[in-house]
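Note sheet for the following structure.
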Amino acid sequence: MGVTKGPLEELIERAGGCAVIDGGFATQLEALGADINDPLWSALCLISNPDLIKKVHLQYLEAGADVLITSSYQATIPGFLSKGLSIDEAEKLLQRSVKLAIEARDDFWTQLQINPKHGFNRALVAASIGSYGAYLADGSEYSGVYGSDIVLDKLKDFHRRRLQVLASAQPDLLAFEAIPNKLEAQAIVELLNEEKVEIPSWICFSSVDGSHTPSGHSFKECLEILNCCERVPAVGVNCTSPHFINKLIHELRKFTKKAIVVYPNSGEIWDGRAKKWMPSECFGDGSFEALALKWRESGANLIGGCCRTSPNTIRAISKALKHKR
């Protein structure tokens with residue numbers, strides 16, 4: 001008997017070995033006029049403008065995305081409670097983030113059936129789960145320094161209910177994004193096992209130097225934790241400069257046999273305390289088209305974009321990966 005393939009492995013195979021993830025969600029919301037200058041960030045639109053969230057998902061599908069990441073990165077139950085909402089309302093908003101992406105995917109797929117030679121893959125929906133530092137919105141997601149009182153069990157307790165609620169909405173995947181330290185990765189792995197989560201996950205770290213997580217841990221250390229967890233079929237990096245991605249793919253490949261996920265930002269630098277983008281080299285859409293081919297050749301299995309990338313960026317990546325196999 002052969003090993004049963006999960007939805008992520010099947011998608012990667014259908015995509016010829018390398019599938020396309022969507023791009024910057026908050027970036028596109030702002031481009032369409034949303035004001036998300038708030039601790040909830042893009043999740044604010046789950047309350048104020050859910051139709052706009054669905055519109056962004058559709059734009060990324062049209063651009064060629066094979067994976068949609070939900071608008072729940074900075075959506076947490078404590079964050080919603082701070083807005084005066086009840087626990088029940090908060091949990092329904094978390095579920096809404098998944099439902100909006102599923103509706104967009106299903107609507108788009110239904111429309112495609114008119115043309116049987118459309119060339120798209122039926123996209124998977126990945127429920128986004130940001131780090132503890134993302135909830136704090138104080139810049140600690142970019143340093144990984146949470147303080148001595150933040151221990152393993154506290155991180156597990158922080159993530160537990162949100163994980164349960166998002167999983168109950170039945171996404172295809174769970175996407176733990178921009179994890180800045182080894183401790184939180186350990187907490188996530190233990191939590192997935194304790195909760196017996198059957199939905200496959202990827203865990204992505206961020207990096208500011210191309211060699212370590214923001215907290216200074218090596219990727220070898222982090223992958224030793226993740227490699228033991230069958231519930232995590234893919235690992236990688238996101239919200240990291242394109243400068244470092246090729247080096248990081250080679251680093252990850254040395255220490256894991258799991259699928260490699262990369263979705264960098266545009267190369268611009270976000271000041272998490274000042275809440276603004278700093279002047280720096282920015283990679284245009286044409287650069288991403290060429291880089292995507294290089295990253296695939298180096299061993300990446302899923303490629304997309306993070307902050308400050310757009311549907312045009314994803315269109316360029318999709319064109320490169322799907323037309324030049």
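The solvent-accessible area of LEU191, taken with every protein chain present and a 1.4 Å probe, is close to 0 Å².
Here is the list for the stretch 201-250: GluC sites (Glu not before Pro) lying in DSSP coil, each with at most 14 other C-beta atoms within 10 angstrom of its C-beta, are GLU230. Under the rule a/c < 1.5 gives rounded, and otherwise a/b versus b/c splits prolate from oblate, where does the stretch 85-139 land using the Cα gyration tensor? Because a/c hits 1.5 or more and a/b fails to exceed b/c, the stretch 85-139 counts as oblate.
Placing dummy labels 7 Å off each Cα toward the beta-carbon, the span from LYS117 to SER168 is 4.7 nm.
With each label modelled as a point 7 angstrom along the Cα→C-beta vector, the ASN193-GLU13 pair spans 2.8 nm. Determine the shape class of the chain: with a ≥ b ≥ c the square roots of the Cα gyration tensor eigenvalues, call it rounded for a/c under 1.5, and otherwise prolate if a/b is greater than b/c, oblate otherwise. Since a/c stays below 1.5, the shape of the chain is classed as rounded.
Subtract the Cα-Cα distance of SER48 and ASP88 from 0.36 nm times their separation in residues, and report this length gain in nm to one decimal.
Length gained, SER48 through ASP88: 12.7 nm.
When only Cα pairs under 8 Å and 6 or more residues apart are kept, what is the percent relative contact order across the chain?
Working: 631 pairs, mean separation 65.8, N = 325.
RCO, the chain: 20 percent.
For the stretch 116-130, putting each phi into the Karplus relation 6.51 cos²θ - 1.76 cosθ + 1.60 with θ = phi - 60° gives couplings of x, 9, 5, x, 8, 9, 6, 5, 9, 9, 10, 6, 6, 10, x Hz, in residue order, rounded to whole numbers and with x for Gly and Pro. Summed over all non-identical Cα pairs, the Kirkwood treatment of the stretch 155-278 gives a radius of 14.9 Å. Just checking the listed ones, LYS54, LYS254, LYS117: in the Gaussian network model of the chain with Cα springs under 10 Å, the one fluctuating most is LYS117. Between LEU152 and GLU30, what's the calculated FRET efficiency when r is the beta-carbon distance and R0 is 41 Å? Round to 0.05. Rounded to the nearest 0.05, the efficiency is 0.70.
About the Cα centre of the stretch 79-215, what is the dipole size in debye to 20, counting +1 per Lys and Arg Cβ and -1 per Asp and Glu Cβ, all else neutral?
In debye, rounded to 20, the stretch 79-215 gives about 360.
Ranked highest first by average number of other Cβ atoms within 10 Å, how do 108-115, 170-177 line up? Write out the running numbers ahead of the final one.
Values: 108-115: 11.8, 170-177: 22.9.
Output ranking for 108-115, 170-177: 170-177, 108-115.
Gaussian network model of the chain, Cα springs within a sub-10 Å range: biggest mean-square fluctuation belongs to which of LEU32, LEU46, LEU226? Comparing LEU32, LEU46, LEU226 in the GNM, the peak value goes to LEU32. Placing +1 on the Cβ of every Lys and Arg and -1 on the Cβ of every Asp and Glu, with nothing else charged, gives the chain a dipole about its Cα centre of roughly 820 debye.
Hey, which of these cross-link pairs are over 27 Å Cα-Cα: LYS196/LYS247; LYS54/LYS257; LYS156/LYS294; LYS99/LYS196?
Details: LYS196/LYS247 34 Å; LYS54/LYS257 34 Å; LYS156/LYS294 37 Å; LYS99/LYS196 22 Å.
With Cα atoms farther than 27 Å apart: LYS196/LYS247; LYS54/LYS257; LYS156/LYS294.
Shape of the stretch 206-255 from its Cα gyration tensor (a ≥ b ≥ c, root eigenvalues): rounded if a/c is under 1.5, otherwise prolate when a/b > b/c, or oblate? It is prolate, given that a/c is not under 1.5 and a/b is the larger ratio.
Where nothing but the Cβ of Lys and Arg (+1) and of Asp and Glu (-1) is charged, how large is the charge dipole of the stretch 139-193 around its Cα centre, in debye to the nearest 20?
With only Lys, Arg, Asp and Glu charged at Cβ, the dipole is about 120 debye.
For the stretch 294-300, backbone phi angles converted through the Karplus equation (6.51, -1.76, 1.60; θ = phi - 60°) give residue-by-residue couplings of 5, 5, 4, 4, 7, x, 6 Hz, Gly and Pro being listed as x. SER131 sits among other residues whose Cβ lies under 11 Å from its own Cβ, and their net charge, with Lys and Arg +1 and Asp and Glu -1, is -3. Close amide H pairs (under 5 Å, H built 1.01 Å from N) link ILE179 with CYS204, PHE205, SER206, residues at least 5 positions away or on another chain.
For the chain, with the dipole built from +1 on Lys and Arg beta-carbon atoms and -1 on Asp and Glu ones, taken about the Cα centre, which of ASN37, CYS222, SER143 lies farthest toward the positive end? Most positive-ward Cα: CYS222.
The values are calculated or read from the model by the stated rules, or taken from the named source; none is laboratory data. Given the structure is predicted, the values throughout are model-derived calculations rather than measurements. Ideal geometry is used to build each Cβ from the backbone, glycine not excepted, and the neighbour counts take in all protein chains shown. Ligands, DNA and RNA are stripped out before the accessible areas are found, and what is left, the full protein with its side chains, is counted by its heavy atoms. Shrake-Rupley method; radii C 1.70, N 1.55, O 1.52, S 1.80 Å.
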